[in-house]
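One structure is given below, encoded as structure tokens.
The values are calculated or read from the model by the stated rules, or taken from the named source; none is laboratory data. None of the values given here were measured: they were computed from a predicted structure. Every residue, glycine as well, gets a Cβ built from its backbone with ideal geometry; the counts of neighbours run over all protein chains shown. Each accessible area value is taken on the protein alone, full model and side chains, heavy atoms only, with ligands, DNA and RNA left out. Shrake-Rupley method; radii C 1.70, N 1.55, O 1.52, S 1.80 Å.
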Amino acid sequence: MASSSRGRESDERPHVLAVDDSLVDRRLIEKLLTSSACKVTTAENGQRALEVLGLGDGQHANNCVSEINLIITDYCMPGMTGYELLKKVKESSRLREIPVVIVSSENVPTRIKECLEEGAQEFMLKPLNQSDVMKLRCYMMKLSYPSKGQLCIGR
């Protein structure tokens with residue numbers, strides 16, 4: 001369904017911004033999330049993600065920002081890393097409450113620690129699978145429905 005869709009279904013589905021420079025990884029994340037009843041907007045890099053969020057140079061702000069329940073971003077991307085995107089989101093007074101999950105194919109403990117200290121909800125290793133998506137839904141519920149999110153276990 002298109003991002004601009006209206007109606008009851010689009011209002012109730014969690015909305016995820018998925019950021020990855022790899023088309024294959026973006027499609028995998030999109031497929032996993034849409035099969036879990038999520039609405040997904042994708043961006044091919046950190047700069048494009050900032051535009052979607054209304055923080056980019058082009059100020060491509062739209063009402064999409066208020067609907068986003070979670071940002072999932074690759075760590076290693078050209079131009080702007082997922083860590084740099086995380087920092088920009090957490091510096092924004094209007095976006096800082098959106099949970100950010102960093103994903104990477106590299107298990108580097110110092111990188112993981114750095115991201116979590118900067119405010120990432122979670123650091124997950126690629127490839128993601130359906131059980132990872134269930135964890136992500138918990139983070140989205142905590143933001144959208146705080147009382148329901150209390151049922152989630154974890155960070």
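What the table shows:
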read-out	value
Residue pairs meeting the criteria (Cβ under 9 Å; at least 6 apart or on separate chains; first closer than 14 Å to residue 94 by Cα and free of Cβ contacts under 8 Å to residues at least 40 places away in the same chain, in segment 44-57; second assigned to a helix (DSSP H, G or I) and of a type in the set (Asp, Glu))	none
Those helices (runs of 4 or more DSSP H) lying entirely in segment 1-71 with at least 2 residues modelled with pLDDT under 70	8-12, 64-67
Residue 95 vs. criteria touching a helix residue (DSSP H, G or I) at 6+ places or on another chain (Cβ under 6 Å) and without any contact (Cβ under 8 Å) to a residue 40 or more places away in the chain	no
Scope segment 80-104; condition open to solvent by 90 Å² or more (accessible area, probe 1.4 Å) and part of a loop (DSSP other than H, G, I, E, B); matching residues	93, 94, 96, 97
Residue 72 being surrounded by 13 or more Cβ atoms within 10 Å (Cβ to Cβ) and out of contact with any helix residue (DSSP H, G or I) (no Cβ under 8 Å at 6 or more places or on another chain)	no
Pick from segment 109-136, criterion in contact with a helix residue (DSSP H, G or I) (Cβ under 9 Å, 6 or more places away or on another chain) and part of a helix (DSSP H, G or I), ranking: modelled with the lowest pLDDT	136
